[in-house]
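I have placed the structure first, in the form of structure tokens, so that the comments after it can refer back to it.
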Amino acid sequence: MIISYGPHPSQVAELFEPAVAPRGVAVLIHGGFWREGYDRTLMEPLCRDLAARGWAAWNLEYRRLGGGGGWPATFDDVEAGIRATGSAPVAIGHSAGGHLALWAAARGLVTHAVSQAGVADLEEGARLGLSRGVVRELCPPEAYAQASPAAMLPLGVPQLLVHGEQDDIVPASISRGYHAAALAAGDEVDLVTLPGVGHFEHLEPASDAWLAVIDWLP
């Protein structure tokens with residue numbers, strides 16, 4: 001079921017419903033470095049797996065760089081899309097979506113947040129020059145205080161960070177640094193790092209990276 005939460009073509013979500021009364025609602029937020037070339041189809045396998053496990057999965061699309069996104073439009077869409085669920089969901093995001101899931105937690109929009117290989121610290125992502133400097137395309141440094149989870153700590157909700165040690169797209173050092181800062185700020189946050197795992201295994205329902213998420217969910 002496709003649901004629109006705004007007038008722009010990217011302001012939609014697809015709802016995957018379980019066969020029984022849902023145990024909860026999970027909002028899934030795809031990655032792709034916030035760029036137009038990637039969309040919510042990346043998260044469809046995970047949505048189907050969640051629905052089979054009894055969750056209502058809300059596969060969120062949003063305006064991206066090259067299609068009207070950036071600061072603050074991308075962020076406005078994530079907030080509007082989550083509010084459109086009409087519930088207090090958990091958020092699960094991969095890569096750039098992991099950043100947005102944590103950001104949603106900082107905004108008080110979700111009860112739990114999962115970052116799969118996420119860009120949890122925009123300042124560090126910019127310093128590393130991720131994906132040809134995409135962080136600086138997303139938002140200016142003066143917006144990090146409102147846009148970067150690392151700058152918004154404590155988030156005040158339980159968080160899970162899952163990262164592969166062999167990730168050469170978003171290095172695991174970002175999650176490790178964020179984890180230490182979040183603990184120091186008093187947040188409840190778990191970190192799972194997986195040897196031999198790269199960036200895209202998180203999108204495979206049978207992977208250890210995804211099973212770590214399933215085991216953690218409330």
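The values are calculated or read from the model by the stated rules, or taken from the named source; none is laboratory data. Please read all numbers here as calculations on a predicted model, not as lab measurements. All Cβ positions, even for glycine, are placed from backbone atoms using ideal geometry, and neighbour counts span all protein chains on display. Calculation scope for accessible area: heavy atoms of the full protein, side chains included, ligands and nucleic acids excluded. Shrake-Rupley method; radii C 1.70, N 1.55, O 1.52, S 1.80 Å.
With bins 5 Å wide beginning at 0, the percent of Cα pairs of the chain falling in each bin runs 1, 8, 17, 22, 22, 17, 9, 3, 0, 0.
Here the chain carries DSSP beta bridges of which approximately 20% are antiparallel, counting only pairs with both residues inside. Between GLN146 and ALA180, residue separation times 0.36 nm minus the direct Cα-Cα distance comes to 10.2 nm.
Protein-only accessible surface at a 1.4 angstrom probe places the residues MET152, MET1 in the order MET1, MET152, largest first.
For the chain, the residue among LEU122, LEU161, GLY198 whose Cα projects farthest onto the positive side of the dipole built from Cβ charges is LEU122. Kirkwood's formula applied to the C-alpha pairs of the range 56-179 gives a hydrodynamic radius of 14.3 angstrom. Shape summary of the range 120-189, radius of gyration then Dmax from alpha carbon positions: 12.2, 33 Å.
Considering only PHE75, LEU138, PRO89, and ranking their Cα positions along the charge dipole of the range 64-150 that arises from unit charges at the beta-carbon of Lys, Arg, Asp and Glu, the one farthest toward the positive end is PRO89.
Average accessible surface for the chain: 39 Å² per residue, computed with a 1.4 Å probe over protein heavy atoms with every protein chain in place.
Note on the range 9-95: the C-alpha convex hull projects to 5.2 nm² when averaged across all orientations.
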